[in-house]
1. Quick one: count up the residues across segment A:105-156 that are more than 30 Å from A:THR394 (Cβ to Cβ) and free of Cβ contacts under 8 Å to residues at least 60 places away in the same chain.
2. Could you say which residue among A:ILE170, A:ILE174, A:ILE114, A:ILE220 is surrounded by fewer than 24 Cβ atoms within 10 Å (Cβ to Cβ) and in a helix (DSSP H, G or I)?
3. Mind checking whether some residue in segment A:198-217 is touching a residue at least 40 places away in the same chain (Cβ under 8 Å), in a loop (DSSP other than H, G, I, E, B) and among the β-branched types (Val, Ile, Thr)?
4. Only one of A:ASP253, A:ASP257, A:ASP308 is charged (D, E, K, R), under 30 Å from A:GLN79 (Cβ atoms), more than 13 Å from chain B (Cβ to nearest Cβ) and part of a loop (DSSP other than H, G, I, E, B); which?
5. Based on this model, can you work out whether A:ILE274 counts as within 23 Å of B:GLN76 (Cβ to Cβ), part of a helix (DSSP H, G or I) and in contact (Cβ under 8 Å) with a residue 60 or more places away in the chain?
6. Against the condition facing another protein chain (nearest Cβ under 8 Å), in a helix (DSSP H, G or I) and within 30 Å of A:PRO124 (Cα to Cα), how does B:LEU28 come out, does it pass?
7. Take the residues of segment A:195-212 that are at the interface with chain B (Cβ under 7 Å from one of its Cβ atoms) and more than 20 Å from the chain's Cα centre (by Cα): which is surrounded by the most Cβ atoms within 10 Å (Cβ to Cβ)?
8. Would you say A:VAL13 is of a type in the set (Val, Ile, Thr) and buried (at least 23 other Cβ atoms within 10 Å of the Cβ)?
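The values are calculated or read from the model by the stated rules, or taken from the named source; none is laboratory data. Everything numeric here is computed off the predicted structure, so don't read it as measured data. Don't worry about glycine lacking a Cβ; one is built from the backbone with ideal geometry, like all the others, and counts go over all protein chains shown.
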Amino acid sequence: MPPAGLDNLKHIVVLMMENRSFDHMLGGLMKKYPKINGLTGNESNPDANGTVVKVQPNAKFQGQLDHDPDHHFPGVDLQIFGGAAAGLGRVANMQGFIKSYATQGTSAAASRAIMSYFTPDQLPVLTRLATEYAVFNGWFSSIPGPTICNRAFAHYGTSFGNVDMNLFYIQDPIKSIYERMIQAGHTAKIYYYDQQSSTMEIVNLLKNQPQIFGSYSQFIADCKGNTLPEYSFIEPCYNDHPGPGAGQILASDQHPDHNVQEGERFIANTYNAIRTNPQLWETTAMLVVYDEHGGIYDHVVPPACESDDYSAPPEKTGTGEAFNFNRLGVRVPAILISPYIPRGTVIPGPEDANNGLVFEHACIPGTVTNFFLNNYDQRTSREKNSENFLIPLTNALRPDDDCWVFDV
Amino acid sequence: MGKKYKLVQKVPKTPKSAYNHDRFISQLIENQIKHFHELEKGLVKAGEKLTDISKIKTELHASKYLKKMTALLHPQGAKKPRKATQRKRARRAMASKPKSKQARRRSS
């Protein structure tokens, strides 16, 4: 018998934020919550002069990472392997973050900011959600590279061999999770913030299937009106732009150098939309996850993974070596929210040799497909074999007055 | 919030100084624009000029181009969403409208 949390589940909502690592956002929680695989404070990286620089609880909401840290494939390779050239025998050591940031035109002092992390009180929303529901110690970006190809794993279970930001066209027989759902008679939507921010899924989905899209205000209305689809994917606002009247709309994606606090407010508003509808709250699981680490420090070595049958040649990777999609990118924050999740749930990652589980963005279409569509075959074996991110759901429904609401 | 909740977490406001639509666009937005530009090539009519995306430097510039392109592909994104109750009322209103002669003939 599945647990009641799964039996009653009717909606899955995924909110994918931008470019922040696990340690940067949640690493500070380990002091009070030791099961969370965060920071002891002794983690370090050498700077360009070889001086050892420890992680510091001095992250700023804005203005600190104003040179966007490198998160393209060669840059992430430097971050993970510390500068050792591609080839057999090199070992991942997570020692190249400051060296990488120093190549961005930052001063020696400024490059150390890549080791900064937020104290829990600076991020009241993420902290509350991570400690009230389920946090994943072992959720990694799918590729050690940038946004577009990582987000592709969330939509298709693969990036079709791409490791960069160039546009690509999907290849038969792989369909997006939205198309799979709709063709099987289910409902699914991508909600982008507004037309001025738009979506990152352009040449494949927006061009060919605009009907699967909605705006964020539509998401809010759908939550209020009990018309939320079975699967929803939400994109934050990607740029600052004028709003209605003389208003101003702030980017809420938390991509450097957008203000992190505005992203907190966006996460809180999205959570509230579900939380304050009792019918929806008891039948929805919401995943807050980040697409990739944004070039920012994390201490956990990304593990190997099952290849998805594609390969990127050396001229695409920029490292002199082909990439066979057989190792993951850097760790990112991932939190699953539901009233069927006990307070303080931590899903162990690679730090737990016996019980640790490894998650990545292919788990998103993987889990949603398995939940709604049962035996669906037209996807990569990597996606088919990916972990189920709904595992934290239990039989026990927390009372309404035991679950937080945000006053935004 | 109308209903009173027992556990409420206050969320600080973002300072107004955070807003800067003259901020130079990131590589992410640059690539988003490139992807839209590829689509624009297929949508532009004879005699129309393609957007010179090299002139898009700031988030403000980007937001204008993104709005123009998104509106072409997904015009519904600009509409104020209708609440479920409004849609129900609209359906009821349609149902109670007197049938036209044609509709009466069809249903008899």
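1. 9
2. Only one candidate qualifies: A:ILE220.
3. No, there is no match, as no residue in segment A:198-217 is touching a residue at least 40 places away in the same chain (Cβ under 8 Å), in a loop (DSSP other than H, G, I, E, B) and among the β-branched types (Val, Ile, Thr).
4. Residue meeting the stated conditions: A:ASP308.
5. yes
6. So B:LEU28 fits the description; yes.
7. Going through the qualifying residues, I end up with A:GLN196.
8. Judged against the criteria, A:VAL13 is a match.
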